[in-house]
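Down below is the structure, laid out as structure tokens.
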Ligand code: 13P
């Protein structure tokens, strides 16, 4: 399955978010999208208007950027998976490196969130990736697999097929530095093989994320184990995101 997801991160006013969505809807007809599953992930406050704007565009799905594992309760400032489902959100990004780095999210948090997302029929988009020191030390395969293993360790294998994995090397996020196609393929193939060996599941999409843009996407998307992208900066520019869908569709 080919999948392109845009992570808008903490950007845009309500109006700017609506304008971006309008441009995406115009450029991403069912025909333009073809067999590519497209996901947009706006900040929480823009989720309702985005869901509303997409009511007649079932070929574009909406993801939240985070969600709390508890169904409700005294967790000031948090939004539960149950609330996201109630708002008709389809998916949720879990364990993004920015959540791990800046908000102290642990592998245990990620595991709890994946379980809660599945319980509420949200598709988890589980992010893993190594930091630069781990890349340099040559431990990146073990590090990324350890994150992924922890995320799925207590999930039923039949539910894992419903999940999406995103490999996002931290050193490539927002830095302009992109993993080479060979670097991406190496990690994707490894993670897929480990998923098969450990859980007996290997058909979930594995996305690449990290400074992916129209100028470098063709080579990355052409890799056998790269099923699409999780796009940050370039997803805020409608023309770039639409072009990325076209490149993925043609890959
Ligand atoms: P950039 O595409 O801006 O590097 O961000 C990638 C990312 O973090 C997507 O989740």
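Each value in this text was obtained by applying a stated rule to the coordinates, not by laboratory testing. Since we're looking at a predicted model, the values are computed, not measured. Neighbour counts run over all protein chains shown; Cβ positions are idealised from the backbone, glycine included.
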Item to check | Given (1) touching a residue at least 12 places away in the same chain (Cβ under 8 Å); (2) in contact with a helix residue (DSSP H, G or I) (Cβ under 6 Å, 6 or more places away or on another chain); (3) farther than 23 Å from residue 39 by Cα; (4) away from the ligand (no atom under 16 Å from the Cβ), number of the condition residue 120 does not satisfy | outcome: (3)
Checklist entry - Residues 110, 131: which one is touching a strand residue (DSSP E or B) at 6+ places or on another chain (Cβ under 9 Å) and surrounded by 14 or more Cβ atoms within 10 Å (Cβ to Cβ)? => result 110
Checklist entry - Are any residues in the range 1-16 under 21 Å from residue 125 (Cα atoms) and within 16 Å of the ligand (Cβ to nearest atom), and if so, which ones? => result 3, 4, 5, 6, 7, 8, 9, 10, 11
Checklist outcome for this item: The lone condition residue 35 fails out of (1) surrounded by 15 or more Cβ atoms within 10 Å (Cβ to Cβ); (2) in contact (Cβ under 8 Å) with a residue 60 or more places away in the chain is (1)
Checklist entry - Out of all the residues in the range 17-26, is one or more without any contact (Cβ under 8 Å) to a residue 24 or more places away in the chain, closer than 30 Å to residue 169 by Cα, over 17 Å from the mean Cα position of the chain (by Cα) and within 16 Å of the ligand (Cβ to nearest atom)? => result no
